[in-house]
1. Note down the net charge around ARG146, summing +1 for each Lys or Arg and -1 for each Asp or Glu among other residues with Cβ under 9 Å from its Cβ.
2. Tell me whether segment 401-489 comes out rounded, prolate or oblate; compute the Cα gyration tensor, take square roots of the eigenvalues as a ≥ b ≥ c, and use a/c under 1.5 as the rounded threshold.
3. Using a 7 Å offset from the Cα along the Cα-to-Cβ direction at both SER73 and LEU128, what is the distance between the two label points in nm, to one decimal?
4. Return the lysines within reach of LYS335: Cα separation strictly under 22 angstrom, same-chain partners fewer than 8 residues apart disregarded; answer none if there are no such residues.
5. Calculated FRET efficiency, GLU692 and ALA257, Cβ-Cβ r, R0 25 Å, to nearest 0.05?
6. Can you tell me how segment 518-670 classifies by the Cα gyration tensor, rounded, prolate or oblate, using a/c under 1.5 as the rounded cut?
7. Among 356-366, 491-501, what's the highest-first ranking by average C-beta atoms within 10 angstrom per residue?
8. With each label point set 7 Å from Cα along the Cα-Cβ vector, what nm distance links SER103 and ASP494?
Amino acid sequence: MSDESIDELARLRGIGDAYHDFRGQLHYFSRESKAGILRTMDGVGALAVPARRLVPLAAASTSQRIAVDLLLSAEELTGTLKWTLCREDGTRHQGSILAASCSEQWSGEAGGQWLSRRRFDVPIDLPLGYHDLDVAIDAGPVAHCRLIIAPKKCYEPTAIAGGRRLWGVAVQLYTLRSERNWGIGDFADLGQTIRWLAALGAGFIGINPLHALAPAAPERASPYSASNRDFLNILYIAVPDVPEYAVCAAARRKVEAKRFTARLAALRARDLVDYASVAELKFEILQLLYDEFRQRHLEGGTPRAARYRAFLAAGGERLELHARFDAIDRYLRDKKHCHSGWVNWPEEWRDPRGTVCQAFAAAHPRRIEFFLYLQWLAHEQLSEAQTLARTLGMPIGLYGDYAVGASAAGSETWSDRKSYRLAAQVGAPPDPLALKGQAWGVPPQDPLSMQQNGLRGFAALIRNNMRYCGALRIDHVMSLFRLWWVPEGMSAADGAYVHYPLHLLLAVVALESKRSKCLVVGEDLGVVPDEVRAAMPQYGLYHYKVLLFEKDGSRFRRPAEYQHPALAAVTTHDLPTLRSFWGSEDIVLRDRLHQYPSDEIRDRVKSEREADRGGLLEALREQGLAPKDPAGTDGPYTPELMQALHLYLARSRAALTALQLEDLLGMIEPVNVPGTHDEYPNWQRKMSQGMESIVARADLRVHLEAIDRERAGHAPPGTTPGH
């Protein structure tokens, strides 16, 4: 292809021409990068302009009358437009109108043919929801458009709308230790944490993504590289809390055996989660509990069996395919010695609806049903945790996290191959957090395919993640507008941005938010395009503000300068802990992991850190919060400093404030070091103390009570609820 053809085709497929980096410098994408991305995209022929085209998707808020555009030829303008509208509830409406009476938006020549773009105003008042419109000119072919009627803004809890400023604690669930868990934090530990925090006045508890991972490869543990974001990670099931456990003698005998209890004790004592051993123990007992469930409930037709079958019916084909994937993945690992993931399977197994997979499902229904049962258990226990939080008075309860993508080898891509482009991966351009750029190992969805499917898959993903939460964080919210695609064989720095239908996606988010009564936080760290900055308040998404980034030079923003519709945190799972930040241990770690492109850059980071410590101390002094120690920027990290920084953030205008559990405990080791894989044990490090000890600590109780008083008091000047 010529250079001009590459540029033109790239524009048609939404590939950008240039971008501004984190320093504000303009960078143009190379034609090699554009061509590499185009090679990953299928269906180039779909770009051709047909003689008549109805947009595949349209959205409007409840305050607007929805309209759609058609491209019509001169001959078709003399015809009659016949339309059929099917509302979400099944109600149908029909009518007709002269095509020429539709208002003209544009006319001219395209592809050697004269065309006119006409706007058809749908003459029906539509409620919130998803509706389907079919139109035809006389006896011509029918064109289809999906209509989305969304609220003006996402849901906001009554407590916040009434002026309350809430606080909570963010935890990585797998890191929790307890005397009763099986070597990994579980839903019972989540319940204990909820009881502890609710009693102290917390409004929410933040959790890492709980997306389903691969049971056949439990060591692939990143919560941001899910097998399927529609479903849950079954390793979080608290086995002793499963109702079948209390009545299954075989399971209890095995768990109470000396060898089993010794294995459990060893897993609890480890400082890193041993995912493979945890999975082995849990699945061994869960298999016995499934057998008990089949015999006691499914064969007996009990009310518990009815609830299980209702869960399956609600999950539909998406749930069935996910369980089928897990069953096949484990079967091929055990019987054929295949590596986990459908890209490693024999070719005949890669089609989820193909004859081989259908034959497997017919021959091994209980293998599949076992994983359906586990998804149901996870669903029950997580739902109970949210119910507990709300019952104990938390206005939000669980604050969940929705990852930006899914694993190339997982069930989400296996069951929806048309939407994903496996020859590319999502990432980020170079920034202060990762100076060489990032490639996250998850494939992007093709925006053209998403729209041709009416955004049904995206809507289901958002809906399934909101069902358990009172608030949901959308990781890398800029992905609703553009994603950094890294073509296969290129470095992360050589990627380019591909654009997505921002307002259509946000209409879906707003609609699902309203229906689920779920507040939405957009993780807008890094370079945020102007389009996203404008759209977030327009659709009612909260911002994500991290104290360590909220600064101009080395001057940190004061509490009154924070935005109100925001969640503010001191640090995050991708950043150093407070203690590590203050002592610069993170710089030493990143240097040891060869993450600095040069010594000069490393030394610049050290110098900036010194200035940041000074800026933080100055901000604390201005608020009357500076601790006696440290006396200067080279002073030691102390619990008093942690408390001062937390109180500083608690004074902010932000409607929500989140503290990290690691910071409350004064931990150094990070959860995750972006840009690393095997070099650092990401997503494995546990808490330094068990939940029993944490809950009993009087100093933490006093500190969190002070946070609660600060948040309950008057907000700093300039705060107006909802602004």
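What follows draws every value from the coordinates through simple rules; no lab data is involved. Here the structure is a predicted model, which is why all the values come from computation and not from measurement. Here the Cβ is made from the backbone with ideal geometry for all residues, glycine too, and neighbour counts use every protein chain on show.
1. Details: positive: ARG456; negative: ASP132.
Net of charged neighbours comes to 0.
2. oblate
3. 4.4 nm
4. LYS335 reaches LYS282.
5. Step by step, r from the Cβ atoms, then E = 0.50.
6. Verdict is oblate for segment 518-670.
7. Listed from highest to lowest mean packing, they are 491-501, 356-366.
8. 4.9 nm
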